[in-house]
Structure formats: structure tokens, C-alpha cells
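The values are calculated or read from the model by the stated rules, or taken from the named source; none is laboratory data. In this text the structure is predicted, and so the values were computed from the model without any measurement. As a convention, Cβ positions derive from the backbone with ideal geometry for all residues, glycine included, and neighbour counts pool all protein chains shown.
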């Protein structure tokens with residue numbers, strides 16, 4: 001009878017463990033069904049983070065209408081942590097976050113927003129603060145107790161022999177074990193082709209390139225000689241061929257938005273935002289939300305463009321034609337329509353055209369075309385569409401049969 005009881009207990013434990021695994025999977029599958037939208041401290045403020053800054057940005061997200069446009073995550077990037085205590089618990093910077101992190105998260109949540117934080121798979125973060133290596137489960141419990149909804153996990157100061165996939169599987173398992181649904185942003189810069197394994201490792205998004213810089217053009221080496229910071233065009237080129245790896249709950253991430261940080265023209269920022277939308281990319285703003293110009297505000301809150309990014313079908317767009325400096329990018333939408341970006345990378349205005357066959361429509365089909373930046377219907381077209389496109393600009397349209 002003792003053996004039967006022991007066997008019963010054994011199978012009961014296995015059953016309960018299976019239930020827990022199923023619950024964790026179900027919880028995870030509800031995360032990031034559309035590309036995450038929010039704001040992150042890094043691009044504008046770097047290490048200058050504080051309780052006051054985060055609260056003021058969360059408030060500005062609501063007051064500016066960004067929340068109504070779909071932005072929901074407020075994410076503190078590097079430099080919020082200073083050490084580990086005697087029990088190896090991560091310590092929040094007491095000077096810049098004097099009340100700790102939970103009151104900050106509570107304030108963000110009180111506005112109907114979600115709260116995110118940053119750590120690193122190595123021993124130290126990119127700014128030299130304590131990393132998560134060896135403390136994954138301990139940190140995950142603490143993050144959950146603070147009310148964290150989103151974790152960006154970087155790849156600085158990792159071991160030469162450290163396996164990227166295993167490291168991110170480990171932090172995912174730790175987050176799941178915490179019992180709180182937390183989006184995992186894999187930030188290893190595309191070094192180990194995370195699009196091949198990021199979904200299976202439990203990532204909800206994964207960086208596909210090195211860091212973005214507030215610049216239109218290509219790659220530049222850092223002052224250290226390491227490669228590279230990337231302009232918008234360099235990043236866009238690296239997305240070609242990756243579209244099949246993205247979908248609801250798991251997204252290619254070409255890095256955060258630079259819209260409004262001053263390094264590009266309004267036309268270039270509009271192109272930047274349009275391209276991220278056609279790519280079904282996460283839309284993580286990185287500017288000062290408290291002092292946006294009307295032009296920048298209108299870019300970041302264009303609900304028609306955002307609707308393309310957030311389309312429930314979740315199909316990432318792809319480049320369907322390239323003729324010198326002229327390109328067409330397209331993605332199918334859930335209702336059978338097509339979203340298109342006509343891109344002019346060149347230094348003077350060019351006419352950019354697309355044929356219906358390129359987007360999966362027959363030549364004889366009549367379709368309406370709507371300009372998402374002009375917010376107006378352009379009329380009915382059969383077989384093709386073309387438009388003049390400004391230098392470094394885009395025309396973004398929806399073609400609907």
C-alpha cells in the first residue's frame with residue numbers, strides 16, 4: 001500500500017507540474033499579441049534616470065494623447081541599479097529613486113499604463129551597473145514584487161562561453177516562475193540570430209541589429225573603434241528576409257524610435273516611423289514627451305499609421321521592389337487590404353510606383369487608395385499606383401479592393 005501511495009504522490013506531482021507549465025505557457029501566449037508600444041528612457045536621457053523623470057514622462061504620455069494612441073509601457077533603461085546587498089538582492093539607486101521602485105511602478109499603473117525595467121544577461125550592464133548573471137530567479141521575484149510588466153534584457157559583459165539562447169531561456173523561466181506576466185525583450189543586438197530561436201526561448205521581441213542612432217544614413221563606428229551605431233537606412237536594410245520570423249507574441253525589433261531627438265528632419269522622422277510601422281516593429285518612443293513640437297506629436301500619434309503597426313494579422317512587411325533609391329515596402333492586413341510605404345532614399349524628389357501583381361492583386365482589380373499622412377482618400381486605381389515622393393520621404397497608403 002505504501003508503494004501505491006508513493007506512486008500516486010509521484011504522478012500527482014507530475015500532473016501539478018504539468019498544470020503549472022500549461023498555466024505559464026498560457027500566460028505567456030497572451031503577451032505582446034501586437035508589437036509593444038511605449039516609451040524608454042535611454043535614447044534621450046541615457047543614465048540620467050530618476051523617480052521624478054519617470055513620473056513626469058508617464059504623466060506626459062497621458063496628457064499628450066499618446067496613451068490614447070496606444071502607447072502603454074513606461075520603461076526605465078540602464079542605470080537605475082547601483083549594487084547588491086548582503087543577500088545579493090539588487091539595490092535601486094537611493095539618490096535618484098529615494099522611495100524605491102515599487103512606488104514608481106504604482107504611479108505608472110495608477111495612470112492606466114504598464115511599467116518596464118532593464119537588466120543584463122552578463123555580470124554587469126552596459127553602463128557597468130550590476131547585471132543579472134547568476135541572479136535570474138532572485139531578480140525576477142523582486143521585479144514581480146515591484147509590479148514590473150516588461151523586462152529589457154541586454155547582452156553586455158557576458159562570458160565568452162555564455163550561450164545566448166540558454167541565457168534568455170533562463171531569464172524567461174525565472175519570469176514565468178515569478179507568477180507575473182512579464183514581456184521579455186531580448187536585446188543581444190542580433191549577434192546570435194535571435195530570430196531563429198527567440199520565440200522558442202520565450203522572448204516576445206528580439207533586437208535584430210546593433211544600436212540605433214538619431215541619423216538617416218548608414219553605419220558608423222563608435223569612438224572606441226567597435227562597430228557600430230546604425231542610422232535608419234542601415235537598420236531597414238538588415239530587416240530584409242526576416243519577416244517570416246515575426247508574428248503575434250514574437251516580434252523582430254529594429255530598436256527604439258529616435259523620432260523627435262533632433263538628429264533628423266521632420267520628413268526623415270516621418271519615414272522612420274512609417275518604416276517601423278510597415279515592419280510590425282515595436283514602437284518605443286525615446287524623446288522628451290514633455291516638450292514635443294506639434295510636428296513630432298503628430299508623427300508619434302498618427303492613429304492611421306499606428307493601426308498598420310498594430311494590425312491583428314501580425315504579418316511583418318517586406319521590401320517588394322528596389323529600383324536605385326526608390327523602394328516599395330508592403331504588408332497584408334487582416335481585412336485583405338495592403339499597407340504600402342513608397343520610399344525615396346535619394347537626394348531629390350522621385351516618382352515611386354507599385355503594380356498590383358507585386359502585392360498579390362490581379363491587374364484588373366479596382367481598389368481605393370488612402371494616404372495615411374495626408375489623411376485623405378486618393379480615389380480608385382486599377383492595376384497600379386504611383387506618387388511623387390520627397391527626398392528621404394515616404395508616401396504611406398492603404399490599398400483596399
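Put simply, of 143, 137 the only residue that is farther than 19 Å from residue 286 by Cα, crowded, with 24+ Cβ neighbours inside 10 Å and assigned by TED's automatic domain parsing to the domain that holds residue 244 is 143. Taken over segment 74-92, the criterion of being surrounded by fewer than 24 Cβ atoms within 10 Å (Cβ to Cβ) and touching a residue at least 40 places away in the same chain (Cβ under 8 Å) is satisfied by 78, 79, 82, 83, 84, 88, 89, 90. Listed here are the strands (runs of 3 or more DSSP E) enclosed by segment 337-401 that have at least 2 residues being closer than 15 Å to residue 327 by Cβ and without any contact (Cβ under 8 Å) to a residue 60 or more places away in the chain: 338-344, 350-355, 384-389, 394-400. If you check 184, 175 for being assigned by TED's automatic domain parsing to the domain that holds residue 244, without any contact (Cβ under 8 Å) to a residue 60 or more places away in the chain, crowded, with 23+ Cβ neighbours inside 10 Å and within 18 Å of residue 35 (Cβ to Cβ), only one passes: 184. Among the residues making up segment 214-230, a single one is at pLDDT below 95, within 17 Å of residue 259 (Cβ to Cβ) and out of contact with any strand residue (DSSP E or B) (no Cβ under 6 Å at 6 or more places or on another chain): 217.
Before we move on, is residue 107 over 21 Å from residue 184 (Cα atoms), at pLDDT 95 or above and assigned by TED's automatic domain parsing to the domain that holds residue 66? Taking the combined requirement at face value, the residue satisfies it. Checked across segment 49-67, the condition of being under 17 Å from residue 310 (Cα atoms), assigned by TED's automatic domain parsing to the domain that holds residue 264, surrounded by 19 or more Cβ atoms within 10 Å (Cβ to Cβ) and touching a strand residue (DSSP E or B) at 6+ places or on another chain (Cβ under 7 Å) holds for no residue.
Screening segment 275-323 for residues that are in contact (Cβ under 8 Å) with a residue 60 or more places away in the chain, assigned to a loop (DSSP other than H, G, I, E, B) and within 22 Å of residue 211 (Cα to Cα) and picking the one that is farthest from the chain's Cα centre (by Cα) gives 288.
For segment 345-380, the set of residues classified as over 25 Å from residue 236 (Cα atoms) and buried (at least 17 other Cβ atoms within 10 Å of the Cβ) consists of 361, 367, listed by residue number. Only residues that are more than 18 Å from residue 239 (Cα to Cα) and buried (at least 22 other Cβ atoms within 10 Å of the Cβ): list them for segment 249-267, please. Scanning segment 249-267 gives 259, 260. Residue 198 meets all of the listed conditions (1) in contact with a strand residue (DSSP E or B) (Cβ under 9 Å, 6 or more places away or on another chain); (2) surrounded by fewer than 22 Cβ atoms within 10 Å (Cβ to Cβ); (3) assigned to a loop (DSSP other than H, G, I, E, B) but one, namely (2).
Checking each residue in segment 261-315 for being more than 20 Å from residue 394 (Cα to Cα) and out of contact with any strand residue (DSSP E or B) (no Cβ under 9 Å at 6 or more places or on another chain) picks out 288, 290, 291, 292, 293, 312. Each residue in segment 324-344 was checked for being exposed (fewer than 14 other Cβ atoms within 10 Å of the Cβ) and within 24 Å of residue 215 (Cβ to Cβ), and 1 of them qualify. Scan segment 206-213 and tell me whether some residue there is surrounded by fewer than 20 Cβ atoms within 10 Å (Cβ to Cβ), in a loop (DSSP other than H, G, I, E, B) and touching a strand residue (DSSP E or B) at 6+ places or on another chain (Cβ under 7 Å). Yes, segment 206-213 has at least one match.
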